[in-house]
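A short write-up of the structure that comes next.
The values are calculated or read from the model by the stated rules, or taken from the named source; none is laboratory data. The structure presented is a predicted model; accordingly, all values stated were derived computationally and were not measured. We place every Cβ from the backbone using ideal geometry, glycine too, and count neighbours over all the protein chains shown.
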Amino acid sequence: MGKVRPTGDKGLLFDAVLRPHRSLSPTGFRILMTVVCLGSLAIGLAFLLHGAWPVFGFLGLDVAAIYLAFRLSYRAGRLAETVQLSPGELLIRRIQPNGRQRSWRFQPYWARVKLEAGAFGEGSVLVSSHGRSVRLARFLAPEERIDFANALGLALRRLSA
């Protein structure tokens with residue numbers, strides 16, 4: 001999960017930035033691609049020397065497909081959701097990988113947090129008020145989603161008390 005920062009800035013009572021987790025660092029990605037390229041090159045050369053030259057091309061396509069899949073995964077990892085709670089409003093922002101932003105504002109005294117669980121660990125945190133709702137944290141692991149929902153719910157209850 002992103003970081004939940006207790007802050008006194010701008011009167012924020014709760015401030016969280018949620019980002020999808022990427023387990024492979026850029027350095028790890030370079031190492032992985034180097035190993036994949038060298039392995040494919042060695043295997044491809046062996047097939048090429050035995051006259052099976054089309055295999056060499058197909059191994060190149062495999063390397064390109066692996067590279068593309070990781071680049072798309074890293075691009076999707078630029079998604080961010082911010083949740084900021086102040087005495088006057090609950091502000092939720094979603095920043096898409098392409099840079100587009102969308103915001104939702106709720107009156108914090110009426111906002112409700114509900115954890116929605118789905119099959120196979122899927123689910124989200126639903127924030128709703130006055131017939132409007134937004135789903136958050138779909139990309140978090142189930143335990144992280146529970147922690148986030150509990151922390152946000154607690155912050156909203158403290159504000160209402």
Checking residue 56 against (1) in contact with a Leu (Cβ under 6 Å, 6 or more places away or on another chain); (2) exposed (fewer than 15 other Cβ atoms within 10 Å of the Cβ), which test does it fail?
(2)
Kindly list, by first and then second residue, each pair from a residue in the range 11-38 that is not assigned by TED's automatic domain parsing to the domain that holds residue 64 and among the aromatic types (Phe, Trp, Tyr) to a residue that is surrounded by 14 or more Cβ atoms within 10 Å (Cβ to Cβ) and not in a helix (DSSP H, G or I), limited to pairs with Cβ atoms under 6 Å and residues at least 6 apart or on different chains.
14/85
Within the range 18-72, of all residues that are closer than 30 Å to residue 92 by Cα and charged (D, E, K, R), the one farthest from the chain's Cα centre (by Cα) is 71
Among the residues of the range 113-139, write down those that are over 22 Å from residue 19 (Cβ atoms) and either among the hydrophobic types (A, V, I, L, M, F, W, C) or in contact (Cβ under 8 Å) with a residue 60 or more places away in the chain (or both).
119
So residue 64 fits all but one of (1) assigned to a strand (DSSP E or B); (2) in the same structural domain as residue 40 (by TED's automatic domain parsing); (3) not hydroxyl-bearing (Ser, Thr, Tyr); what number is the exception?
(1)
